[in-house]
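Trainee: The structure that follows is given in the form of structure tokens.
The values are calculated or read from the model by the stated rules, or taken from the named source; none is laboratory data. Not measured: the values here are computed from a predicted model. We place every Cβ from the backbone using ideal geometry, glycine too, and count neighbours over all the protein chains shown. Ligands, DNA and RNA are stripped out before the accessible areas are found, and what is left, the full protein with its side chains, is counted by its heavy atoms. Shrake-Rupley method; radii C 1.70, N 1.55, O 1.52, S 1.80 Å.
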Amino acid sequence: MPMNAPLLVLWDIDHTLIEVGGATQHAYAAAFHRAVGRPLLHEWQFNGRTELAAAGDVLRFHGEDASPARVDAFISFLVEELHDRADQMRRDGRALPGAEDALRACRAVPGIHQSVLTGNLYSLAVLKVNVFGLAEHLDLRIGAFGGDAVDRTELPAHAWDRAERELGHRFRGEDTVVIGDTLLDVATGKAVGAHVVAVATGRVGGPALRDAGADVVLPDLTDTGAVVDAIVTQRAK
């Protein structure tokens, strides 16, 4: 590909670009209590699922009705609870080392359009990247979010549809890069033929990410040159 050929770069948010401390767990517990009237029994592990999937799963795990209306109510409470905890996120969380530099460097590469592919609902994705000062580097018009589908592997199609509407270019797997820290991030990219860059900054180690099929595995985002190289090598294919 020419060096200025369009390339869509889709970043995961939590544990790839940022950490929010305990705000998410606190918000989830409060939202669950509001939705069903009893406490959340176990700390919930999100592991890359979409918000729709996680909300339905946690309701079913507790023996509660997981109808669309109940899930929607739970999620609406979650959105309120997390927005109310923006100051807690800012105080207890952080942008991960190298994240802002990596975003800034990729944004400067001709032809790269970067956004997010995240399990977060749109409003929560916007909240988080703004709290940690990353929003200016991301085109959130063309991302994919946790309210778009239950199955994360269906999210790239939503990003491509939005990019076509906003940019007038139809992306495909071969000109898309998915970056994330979970096995679901890897599976999502591989399912659509995207180039996958995995970052071992979450709960999954580098060897497991590599075994899952990631094209490149980085320990973190602190080496800006390595991050950019891992992304733009897709153009040479």
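Trainee: Surrounded by fewer than 18 Cβ atoms within 10 Å (Cβ to Cβ), within 15 Å of residue 122 (Cα to Cα) and in contact with a Leu (Cβ under 9 Å, 6 or more places away or on another chain), is that true of residue 62? Full working, then the answer.
Mentor: Working: surrounded by fewer than 18 Cβ atoms within 10 Å (Cβ to Cβ): yes; within 15 Å of residue 122 (Cα to Cα): no; in contact with a Leu (Cβ under 9 Å, 6 or more places away or on another chain): yes.
Judged against the criteria, residue 62 is not a match.
Trainee: Same structure, new question: Would you mention how many residues in region 39-58 are in contact (Cβ under 8 Å) with a residue 24 or more places away in the chain and either touching a strand residue (DSSP E or B) at 6+ places or on another chain (Cβ under 8 Å) or over 15 Å from residue 202 (Cα atoms) (or both)?
Mentor: 9
Trainee: Can you confirm whether residue 31 is within 18 Å of residue 151 (Cβ to Cβ), of a type in the set (Gly, Ala, Ser), open to solvent by less than 30 Å² (accessible area, probe 1.4 Å) and under 24 Å from the mean Cα position of the chain (by Cα)? Spell out the reasoning first.
Mentor: Numbers: within 18 Å of residue 151 (Cβ to Cβ): no; of a type in the set (Gly, Ala, Ser): yes; open to solvent by less than 30 Å² (accessible area, probe 1.4 Å): yes; under 24 Å from the mean Cα position of the chain (by Cα): yes.
Here the answer is no, as residue 31 does not meet what is asked.
Trainee: I've got another one for you. Cβ-Cβ below 8 Å, separation at least six or inter-chain, first residue in region 136-149 and among the acidic types (Asp, Glu), second assigned to a loop (DSSP other than H, G, I, E, B): which pairs?
Mentor: 148/50
Trainee: In region 34-48, which residues are open to solvent by less than 50 Å² (accessible area, probe 1.4 Å), at pLDDT 90 or above and closer than 21 Å to residue 123 by Cβ?
Mentor: Once the filter is applied, which keeps residues that are open to solvent by less than 50 Å² (accessible area, probe 1.4 Å), at pLDDT 90 or above and closer than 21 Å to residue 123 by Cβ, region 34-48 yields only 35.
Trainee: Pairs, please: C-beta under 7 Å, at least 6 apart or cross-chain, first residue among the hydrophobic types (A, V, I, L, M, F, W, C) and in region 79-95, second surrounded by 15 or more Cβ atoms within 10 Å (Cβ to Cβ) and not in a helix (DSSP H, G or I)?
Mentor: 79/121; 89/20; 89/21; 95/17; 95/18; 95/132; 95/134
Trainee: Additional query: Is there any pair linking a residue in region 208-228 that is farther than 18 Å from residue 14 by Cβ to one that is surrounded by 15 or more Cβ atoms within 10 Å (Cβ to Cβ) and modelled with pLDDT under 95, with Cβ under 8 Å and at least six apart or on different chains, and which?
Mentor: Cβ pairs passing all conditions: 228/109.
Trainee: Considering only residues that are under 14 Å from the mean Cα position of the chain (by Cα), under 28 Å from residue 56 (Cα atoms) and open to solvent by 10 Å² or more (accessible area, probe 1.4 Å), which ones fall in region 132-144?
Mentor: Start the filter on region 132-144 by keeping residues that are under 14 Å from the mean Cα position of the chain (by Cα), which leaves 134-135, 138-140, 142-144.
Next cut, under 28 Å from residue 56 (Cα atoms) only: 140, 142-144.
Correct list: 140 only.
Trainee: Name the helices (runs of 4 or more DSSP H) wholly inside region 145-237 in which the number of residues that are surrounded by fewer than 24 Cβ atoms within 10 Å (Cβ to Cβ) and over 16 Å from the mean Cα position of the chain (by Cα) is 3 or more. First the steps, then the outcome.
Mentor: Values: elements: 155-167, 183-191, 206-211, 224-232.
Ranges flagged: 155-167, 206-211, 224-232.
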